[in-house]
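Enquirer: Handing you a structure now.
The values are calculated or read from the model by the stated rules, or taken from the named source; none is laboratory data. Treat the numbers as computed from the prediction; the structure is a model and nothing was measured. Positions of Cβ are generated from backbone atoms using ideal geometry, with glycine treated the same way; all protein chains shown enter the neighbour counts. Note: areas computed on protein heavy atoms with side chains; ligands, DNA, RNA excluded. Shrake-Rupley method; radii C 1.70, N 1.55, O 1.52, S 1.80 Å.
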Amino acid sequence: MSRLDSMLRRLTAQRDGLNWAASAIAGIDGDVLDLGLGNGRTYDHLRESLSDRRVWVIDRVLQCHPSCVPPEENFLQGEAEPMLHRLAESPHRMALAHYDFGFGIKEEDVAEAARLSPAIAAVMASGGLIISGQPLVGFQHIDGPADIPDGRYMFYRAD
Ligand SMILES: C[S@@+](CC[C@H](N)C(=O)[O-])C[C@H]1O[C@@H](n2cnc3c(N)ncnc32)[C@H](O)[C@@H]1O
């Protein structure tokens, strides 16, 4: 498969997964967290599809498209672990978190996702959903949309 095809499949799974999760959290109180602002694509999608929720974003840099700059009060700029700790100390809890960190080096990306999993768990609302491009640990694995093959995008529920 060409890299273009591979990227399109990943982005389609990401978009479909986000849409599925946006509906699936309808009965769960809480905010939304995008882990990895990057260009701002998924943040833009989340703030559009979940416009009634507060959408937090964590990234070490602010380098997104100018139209996707999050409000200062919702953007936690810094390394993920201390930013997650800061959020955990606040009264805010997440009904949905989207994990989109990664350098593209599989082993390192998997290790970082495992390392950050407990800090993510600490900010989740009970029964909240986490959708992720990397495997996370310590959450209940759930089935996402039927048309996303196992492993292409991952779906979890917090305790
Ligand atoms: C793949 S990009 C995110 C793409 C974004 N969701 C989008 O749709 O445009 C990953 C981002 O995560 C950030 N990042 C990766 N690891 C991080 C960490 N440990 N702490 C904070 N930011 C991190 C990088 O700076 C980068 O902007």
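Enquirer: Could you tell me which residue of region 83-107 is farthest from residue 13 (Cα to Cα), considering only residues that are within 14 Å of the ligand (Cβ to nearest atom) and out of contact with any strand residue (DSSP E or B) (no Cβ under 9 Å at 6 or more places or on another chain)?
Expert: 85
Enquirer: Using the structure shown, decide if residue 97 is open to solvent by less than 50 Å² (accessible area, probe 1.4 Å), touching a residue at least 60 places away in the same chain (Cβ under 8 Å) and in a helix (DSSP H, G or I).
Expert: No; evaluated as a whole, the condition is false for this residue.
Enquirer: Looking only at region 31-71, how many residues end up being assigned to a loop (DSSP other than H, G, I, E, B), more than 12 Å from the ligand (Cβ to nearest atom) and either open to solvent by 50 Å² or more (accessible area, probe 1.4 Å) or in contact with a Ser or Thr (Cβ under 6 Å, 6 or more places away or on another chain) (or both)?
Expert: Number satisfying all stated conditions: 5.
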